[in-house]
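Structure record follows, encoded as structure tokens.
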Amino acid sequence: MLTSFFFTSIRSISWFFGAEATPIQPTPLGICSHDATDRACWGQFGLGTDYYEETPETGVTREYWFQIENKTMALDGVERVVLSVNGTVPGPTIIADWGDTVVVHVTNMLTDNGTSIHFHGVRQFRTNYMDGPSSITQCPIPPGDSFTYRWVASQYGSSWYHAHFSVQTWEGVFGGIIINGPATANYDEDKGSIILSDWSHRTASVLALEAQRTGPPRFDNGLINGTNVFNGTGSRFRTKFVAGTSYRLRITNAAADTHYRFTIDDHIMTVIATDFVAIEPYNTTNLSIGMGQRYDVVVYTNKETRGNFWMRAIAQISCSNHNNPDGVRGIIEYVSEPESASKNSDLNPPIEPNTTAYPTIDSCDDENIKTLVPRLSIPASPNISLFSAQEATLQQVSPERIAWAMNNSSFVSRWDYPTLEQFGEGNNSWARQQNLIRLPEKDRWVYFLISTNFNASHPIHFHGHDFWVLASGVGTYQENVTLQLENGPRRDVAMLPAFGYLVIAIVTDNPGAWLAHCHIAWHAAEGFALQLLEREDEILSVEGVFDKEAIQNTCRNWRTFSKSVRIEQDDSGLR
């Protein structure tokens, strides 16, 4: 009843805070401007293009050079050593157009640790070895070494990149991804990535050890685009609006273990995308965002609006250990001229707002799946080749160590001998703790039932695929549960409810070794993962899926380094 009330009331009051979005229809091919009045089209393509089958060929390459390095920073006013990309947290935003080729050269400037980069949600269609997770598609990049990632932006929308080695993401190795393309609502200006994260004044590796021994650690603070205040020090994230202008915000939850509820005081948000999937617009005052999830929203402002307003990322304490659940805030400052909106001056910090938050509930559930309707309608097939039931359980491995397991098998992989390298060398036998599911057939539908009997919700992320969300709920899954086959939500992260189940579907259309895992940092490190070996007959034969020389070079260098400093793997090998 509460959800229904908020949904109804939003539509009835939207005239007060700003104009309500009217869903826009695709423009006829050849009549496309993609300006503020025509966001649905994109050259000869548009919202009706099936991007799983067709991608624009732009001939454009977007090239980036990243250095992963230690740096002393005070992100919330408290100084500590962090890991950074090119000296900043977040790192540079990757920006490309739909169909462009993205090239990222990553150099490891650390002195005593490896690294790797994963481009979250990017399908890596037929480019499996570019996916980035250490121990699955590559060895870690050793100090002083480099690795070049190359992939095609076959989707459009918003995401983020992050390290996929040794919890480095939550030391600061992350940044935004923007793939420009059509949208389901018009807007005037794109404000870019709004990245939410949690933050501790201790290192993430210390927190991970604590999680293994005693359970989830507590965070000191949270950040919006890498900044916040703490005990009177630091600075708020700030952005400027001009009254009467509409803005697109690309919101990402990059936290290790904090489920956020995002809201802007006295403003309605029109949601236009979930993860990399454009959806039919709907209005809301707040968004429930799990770790790894993204939502694109448009904020329509009223011409009479004045003053400053809080942007809030509220930590949901029912599933997050957080010392500052209501203090993760940014400031929206209204200015009179467009030129002023493009400038931020630390010499003139904005006055803190006195606005009041919308009423919200503390919950770690996904957004209502009935509102997440993809604009590109693709029904899920009831004809499946496999129904894989996976139960997530927590195990006490020793008096000082806990682990997560899938069907009683806690995932373990090897940094120095990744799955893809093993396969390339002819390995056809897999240890049980590798949690490997073989999907040899082409273009078949596979259903996964993931369940838990534990009081914790989990953001489930699949690499290499968007999946269809068919059902989720609290309690034990029963065969009479109705599956949403007709244009249900598609995304790459969905919440498994506490004491509940999640049913999702994929199509086996992407050859390679693909990871699937909980996106809570500690849970992945503690073994909450499985991997898919998909269309294995094509992995070595289809161009771009596998590069033996590149994989072996990185692994050879990593093995030499790790032996010289005696690095020991003390977790699943994933984070």
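Read-outs throughout are calculated quantities, based only on the coordinates presented, and are distinct from any laboratory measurement. Because the structure is predicted, anything quoted here is derived from the model rather than measured. Virtual Cβ from ideal backbone geometry, glycine too; neighbours counted across all protein chains shown.
Close amide H pairs (under 5 Å, H built 1.01 Å from N) link VAL167 with ARG575, residues at least 5 positions away or on another chain. Please label the shape of segment 22-165 as rounded, prolate or oblate, based on the square roots a ≥ b ≥ c of the eigenvalues of the alpha-carbon gyration tensor (a/c under 1.5 means rounded; beyond that, a/b larger than b/c means prolate, else oblate). Since a/c reaches 1.5 and a/b is larger than b/c, the shape of segment 22-165 is classed as prolate. In the chain, the DSSP-assigned H stretches of four residues or longer account for a calculated mean residue ellipticity at 222 nm of -3000 deg cm²/dmol, using -39500 (n - 2.57) per stretch and the full residue count as denominator.
Taking 25 °C and 0.890 mPa s as the conditions, I'd like the Stokes-Einstein D for the chain in µm²/s, using the Kirkwood hydrodynamic radius from alpha carbon pairs. Display every interim value, and only then the final one.
Numbers: Rh = 24.0 Å.
Stokes-Einstein gives a translational diffusion coefficient of 102 µm²/s.
Straight Cα distances below 17 angstrom link LYS563 to the aspartates and glutamates ASP112, ASP145, ASP416, with same-chain residues fewer than 8 positions distant left out.
Axis of helix 548-565 versus longest Cα principal axis of the chain: the two differ by about 80°, to the nearest ten degrees.
What shape does segment 345-420 take by its C-alpha gyration tensor, where a ≥ b ≥ c are the square roots of the eigenvalues and a/c under 1.5 counts as rounded, a/b above b/c as prolate, and the rest as oblate? It comes out oblate by the Cα gyration axes.
Once you list every other residue whose beta carbon is under 15 Å from the beta carbon of LYS442, what net charge do they have if Lys and Arg are +1 and Asp and Glu are -1?
Numbers: positive: ARG126, ARG438, ARG444, ARG535; negative: GLU53, GLU441, ASP443, ASP509, GLU534, GLU536, ASP537, GLU538.
With Lys, Arg at +1 and Asp, Glu at -1, the net is -4.
Packing, as the average of other Cβ atoms within 10 Å across residues, places the peptides 519-530, 218-229, 455-466 in the order 519-530, 455-466, 218-229, highest first. Restricting segment 316-405 to GluC sites (Glu not before Pro) that sit in a DSSP loop and have at most 16 other Cβ atoms within 10 Å of their own Cβ leaves GLU400.
Rounded to whole numbers, the Karplus 3J(HN,Hα) couplings from phi for segment 246-260 are 9, 10, 9, 10, 10, 9, 10, 9, 9, 6, 6, 7, 9, 8, 10 Hz, using 6.51 cos²θ - 1.76 cosθ + 1.60 with θ = phi - 60°, and x at Gly and Pro.
Each of LEU47, LEU287 has some number of other Cβ atoms within 10 Å of its Cβ, and from fewest to most they run LEU287, LEU47.
DSSP assigns beta bridges within the chain; of those with both partners inside it, close to 70 percent run antiparallel.
Indicate the gyration tensor shape class of segment 476-534 (rounded, prolate or oblate), computed on the Cα atoms with a ≥ b ≥ c the square roots of the eigenvalues: a/c under 1.5 is rounded; otherwise a/b larger than b/c is prolate and the rest oblate. Provide the component values of the computation, followed by the final result.
On the way: a/c = 2.07, a/b = 1.17, b/c = 1.77.
Verdict is oblate for segment 476-534.
Partners of LYS191 within straight-line reach, counting lysines whose Cα lies under 17 Å from its Cα and excluding those fewer than 8 residues away in the same chain: LYS240, LYS343. Taking the Cα centre of the chain as origin and assigning +1 to Lys and Arg Cβ atoms and -1 to Asp and Glu Cβ atoms, the resulting dipole is close to 720 debye.
Across all C-alpha atoms in segment 140-232, the radius of gyration and Dmax reach 17.2, 50 Å. Rounded to the nearest 10 degrees, the inclination of helix 2-17 to the longest alpha-carbon principal axis of the chain is 50 degrees. Going by alpha carbons, how many degrees (0 to 90, nearest 10) lie between the helix axis of 204-214 and the longest principal axis of the chain? That works out to roughly 70 degrees.
With coordinates expressed along the principal axes, the C-alpha atoms belonging to segment 506-575 extend over 39, 32, 13 Å, beginning with the largest.
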